[in-house]
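Worksheet: one structure, shown below.
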Amino acid sequence: MMVCLLRVLLHGSGFSALLRERDPACKLAGLTARYHSTETAPQLPGMEYQDAVCTLNTLQTNASALLQVLQERSQPQLQLQAMRGFLERAGLTVNDLDHLNIIHVTGTKGKGSTCAFTEQILRSYGFRTGFYSSPHLVQVRERIRVNGQPIGKDLFTKYFWQIYGRLDETKDAHGGTMPAYFRFLTILAFHIFLQEKVDLAVIEVGIGGAYDCTNIIRRPWVCGISSLGIDHTQILGDTIEKIAWQKGGIFKPGVPAFTVRQPEEAMAVLRDRAKEIACPLWVCPELEDYQLDSGPVRLGLAGQHQRFNASLALQLSHTWLQKRCVPGDKSVPSSSLESSSLPQAAAFKPSPIMVKGLAATEWPGRNQTLRHGAVTYFLDGAHTMRSMLACVNWFRDTAAQHEGNASGPVARVLLFNATGERDSAAMLKLLLPCHFDFAVFCPNITEAIASCNADQQNFNVSVEDMLTRCLDNEKSWRLHNSHGDNRELLIEERLLPASEKKADTLVFPCILSALQWISQGRDAVLADSAQRVQPVTPSITAKAASLCQAAEIHVLVTGSLHLVGGVLKHLDPASSK
């Protein structure tokens, strides 16, 4: 049986040397650490779920796959060509995908929430739905949902080996190539939806649109574009116009498409792309414009920005239902793309089922609040400037409501991490108005002592790189707080010699150790895991006195969906079963 371990040994000098080379004030919370990441040696696959996930994880670091991605980056059109080849090797064709009655959604911010709203609405009508999204929070099977539920472990394992086996058997005839992680999961999702005979599939684009591997879809029933912003610039471009061009690549001739209101430059590009492709495109109305018999629409997802996503979901589901109910009507009304501005879609009267669907939508890790006794967690995987601004607005409003009901003083804690090329310093600056009492940073490693769940392993970045990024984030926070009218933070990274100036933040080696320190034993759900965390020094424990004295502790977890997923793994143990 294949065993995937991420062993983090909290003794040794390897990472301490890295710390000394950087900033003597930046040090871990009472710990010196040496990290080792172990890849699984190839073995014959078993039929267990964890075996399948471990084998899937080898596609993260497959050398030929990485070389292929680098080659294709300069010729992006090769990505779709390669994807079609992998699809055929897996025993599927693009013609098969036409039978999935697909709703295809892209965007920078809100595309996952839009898909969640859309899927819930159509499932509420009684349709059997498929939903493909990324990334996962706790388990990889969350990415592939049937009727709103992650595909079961047994079915995931069964279908995984079917697809993996076909690709593995044919790799020698194709230069030993295997699809990279996301490509494989996309093929697997298509296969599962076909085998499970869903009535429709809601497909969320991975990155971009034009050259994303989901764009082998030829005949979606309707397409949507959520809010656009700057993200993944190395792949998509560094301007909103370039990014809009990529997102508009999912448009198809004669297939209706909808977008929320975008910046003027992005809207112009989308209009031109739609005209070029002969795709009718409309702008969604405000949610308040829809005609309702009773009060305002209630949404299951918190945050004002979700109102844009809900309007887009109404248009997508309404258009899909029209096509489903009148299958002989192939006509698509003109959207007058000759004009300088896009037409606005009609604000129809949502059915009671639609209204109920919007209210019933759940999408974990996005504007999610969990209360565990005296500790309340505010979870939002915001990782762009626009999404972080929306997160700040949501947190300030929601936390203020909770504080108004508290029986005494409340301590505010920020738990933050960011990954990839994202400008974490700029995102941290947006968080300053939240006036946190403590700022804590950790990598997206769930536990430092003990084996890691294979679902949350990431071989594409070293542990040292992850910790280095945490130190960069910590330094940015301290620099931001050295100016302006911000309260002094009562936190340090580890015990320092008396002659050294103490830092104002704390960096932990893993998510569990950070949560343990923040909660100070006041979260019963974390109590059983206390033995899996190496204790910090008495000096650091003493710094948490105000946490112990506060009536409540409010924790904002943000900057990365992977961080949020790691937190949920500990706060909701059932999510790992």
Quiz prompt | Every pair of residues 6+ apart whose Cβ atoms lie under 6 Å, when the first sits in region 424-447 and is over 14 Å from Glu474 (Cβ atoms) while the second is assigned to a helix (DSSP H, G or I) and open to solvent by less than 10 Å² (accessible area, probe 1.4 Å) | solution = Leu430/Met388; Leu430/Val392; Asn444/Leu563; Asn444/Gly566; Thr446/Ile511; Thr446/Gly566; Glu447/Leu512
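This table checks each residue for (1) at pLDDT 90 or above; (2) open to solvent by less than 60 Å² (accessible area, probe 1.4 Å).
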residue: His480; (1), (2): no, yes
residue: Gly484; (1), (2): no, no
residue: Leu490; (1), (2): no, no
residue: Leu496; (1), (2): no, yes
residue: Ala503; (1), (2): no, yes
residue: Cys510; (1), (2): yes, yes
residue: Ile518; (1), (2): yes, yes
residue: Asp523; (1), (2): yes, yes
residue: Asp528; (1), (2): no, no
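If the requirement is being over 25 Å from Arg183 (Cβ atoms), touching a residue at least 60 places away in the same chain (Cβ under 8 Å) and among the polar types (S, T, N, Q), which of these qualifies: Gln306, Gln291, Gln322?
Every option except Gln306 fails the conditions.
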Quiz item: For residues in region 297-331 being of a type in the set (Val, Ile, Thr) and within 27 Å of His99 (Cβ to Cβ), which is modelled with the highest pLDDT?
Solution: Thr319
Exercise. Go through region 169-200 residue by residue and tally those that are of a type outside the set (A, V, I, L, M) and part of a helix (DSSP H, G or I).
Key: 13
Exercise. Inspect all residues belonging to region 234-245 and state whether any of them is among the β-branched types (Val, Ile, Thr), under 26 Å from Leu100 (Cα atoms) and open to solvent by 10 Å² or more (accessible area, probe 1.4 Å).
Key: no
Quiz item: If Glu362 satisfies every condition in (1) more than 15 Å from the chain's Cα centre (by Cα); (2) under 25 Å from Gly229 (Cβ atoms); (3) charged (D, E, K, R) but one, which is the exception?
Solution: (1)
Quiz prompt | Cβ-Cβ under 8 Å pairs, at least 6 apart or on other chains, region 174-195 side more than 13 Å from Tyr159 (Cα to Cα), far side open to solvent by 10 Å² or more (accessible area, probe 1.4 Å) and of a type in the set (D, E, K, R) | solution = His174/Arg89; Thr177/Lys171; Met178/Asp168; Met178/Lys171
Quiz item: Looking at this structure, is Val202 open to solvent by less than 20 Å² (accessible area, probe 1.4 Å) and over 22 Å from Val53 (Cβ atoms)?
Solution: yes
Quiz item: Do we find a residue being crowded, with 21+ Cβ neighbours inside 10 Å, closer than 19 Å to Gly148 by Cβ and under 23 Å from the mean Cα position of the chain (by Cα) anywhere in region 81-102?
Solution: yes
Practice problem: Would you mind stating whether Glu447 is open to solvent by 30 Å² or more (accessible area, probe 1.4 Å) and modelled with pLDDT under 85? | Solution: no
Exercise. Need at least 3 residues that are surrounded by fewer than 21 Cβ atoms within 10 Å (Cβ to Cβ) per element, so show me which strands (runs of 3 or more DSSP E) inside region 338-438 make the cut, counting only ones lying wholly within it.
Key: 368-372
Exercise. Exactly one condition in (1) surrounded by fewer than 24 Cβ atoms within 10 Å (Cβ to Cβ); (2) touching an Asp or Glu at 6+ places or on another chain (Cβ under 9 Å); (3) part of a helix (DSSP H, G or I) is not met by Tyr164; state its number.
Key: (2)
Self-check item: Condition check for Phe127: open to solvent by less than 30 Å² (accessible area, probe 1.4 Å) and of a type outside the set (D, E, K, R)
Solution: no
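Any residue at all in region 227-239 that is at pLDDT below 95 and among the acidic types (Asp, Glu)?
The answer is yes, given that some residue of region 227-239 is at pLDDT below 95 and among the acidic types (Asp, Glu).
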Quiz prompt | Members of region 201-227 found to be within 24 Å of Gly85 (Cα to Cα), touching a Lys or Arg at 6+ places or on another chain (Cβ under 8 Å) and assigned to a strand (DSSP E or B), listed by number | solution = Glu204
Quiz item: at pLDDT 95 or above and open to solvent by 40 Å² or more (accessible area, probe 1.4 Å) - does that describe any residue in region 103-116?
Solution: no
Quiz item: Is it the case that Gln162 is closer than 27 Å to Ser226 by Cβ and modelled with pLDDT of 95 or more?
Solution: no
Quiz prompt | Complete set of residues in region 460-472 that are in contact with a strand residue (DSSP E or B) (Cβ under 9 Å, 6 or more places away or on another chain), modelled with pLDDT under 80 and either open to solvent by less than 30 Å² (accessible area, probe 1.4 Å) or within 14 Å of Glu421 (Cα to Cα) (or both) | solution = none
Self-check item: Residues (open to solvent by 40 Å² or more (accessible area, probe 1.4 Å) and of a type in the set (Gly, Ala, Ser)) located in region 547-558
Solution: none
Practice problem: Determine whether region 139-147 contains at least one residue that is open to solvent by 40 Å² or more (accessible area, probe 1.4 Å), in a loop (DSSP other than H, G, I, E, B) and in contact (Cβ under 8 Å) with a residue 12 or more places away in the chain. | Solution: yes
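The values are calculated or read from the model by the stated rules, or taken from the named source; none is laboratory data. These numbers come from a predicted model, not from an experiment. Reconstructed Cβ throughout: ideal geometry from the backbone, glycine too, with neighbour counts over all protein chains shown. To get the accessible areas, we keep the full protein, side chains included, count just its heavy atoms, and leave off ligands, DNA and RNA. Shrake-Rupley method; radii C 1.70, N 1.55, O 1.52, S 1.80 Å.
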